[in-house]
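Scroll down for the structure; my scribbles are underneath it.
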Amino acid sequence: EEDPKELVAVGRKVIVAELKVVKSELRRLQKSIRRLRADKSEEPEAELERQERLGHDEQLFDELLARYHHATGHLESLGVDSKEENARLDGFLKDRVDDARSMYKLALDQKAELAAEPPVTSDGEKEARKKVAQALEAKVAAAKGTLEKVLELMDARGIETAEHRQFLIEASGEITADVFEKEVAIGLLQKWVGSIKQWGIDNGPRLIFKGL
């Protein structure tokens, strides 16, 4: 019969080894993602390949964050002090959520810019515009999905997400169950009240003059 202490010791070694690999891969992917975002190409095929590699690396990065989270939980269940690992993971997550917000906003801005462009007339131009619009729609959906996944992981770790969920609701225009969370609701109300006050400052004198 195997010694439980030996099993625990083996389990610790396995998890520590896994964490070492995960952290190494996360750092590698961070560099790769930054490089791929910067290396945009004018050639359609090269740009498509870049986008595919970027999507692959970002998906793998998020999967590794989830593995990191589960591994630290296993360490704690084995009685190992994992404060340092938790701090590192939380650092990765805070960087990732800022990054995800930026990419979501960029995708939404690009979609708005395309919608504001003057209409095209030829069939060829219409087809090209349609393809660009579809690509941007997919980019918006992917960026939103990434942000939601990161926020779910942050929630699981007890990291404050109210400000980020407020941003998500405002940016997407979608009212979700998150709006009923106290911190999110307060943040939205404060912004709405502020907007109403500013509207009154900007339009009040004109309305008063109109009423005279």
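A few remarks follow.
- The length gained on full extension between residue 30 and residue 160, counted as 0.36 nm times the residue separation minus their Cα-Cα distance, comes to 44.5 nm.
- Label separation (residue 125 vs residue 48): 2.4 nm, computed from points 7 Å beyond Cα along the C-beta direction.
- In the range 27-116, the portion of solvent-accessible area held by carbon and sulfur atoms comes to 50 percent [1.4 Å probe, whole percent, DNA, RNA and ligands not counted].
- Protection proxy ranking of 87-95, 32-40 - average other beta-carbon atoms within 10 Å, highest first: 87-95, 32-40
- Surface accessible to a 1.4 Å probe, residue 8 within the full protein complex, Å²: 50 Å²
- Overall shape: prolate for the range 1-66, with the ratio a/c of the largest to smallest alpha carbon gyration tensor axis at 1.5 or above and a/b above b/c.
- Excluding ligands, DNA and RNA, the accessible surface per residue across the range 1-78 is 71 Å² with a 1.4 Å probe.
The values are calculated or read from the model by the stated rules, or taken from the named source; none is laboratory data. Being a predicted model, the structure only gives us computed values, none of them experimental. Glycine also receives a Cβ, built like all others from the backbone with ideal geometry; neighbour counts cover every protein chain displayed. Note: accessible area is taken over every heavy atom of the protein model, side chains too, but ligands, DNA and RNA are not part of it. Shrake-Rupley method; radii C 1.70, N 1.55, O 1.52, S 1.80 Å.
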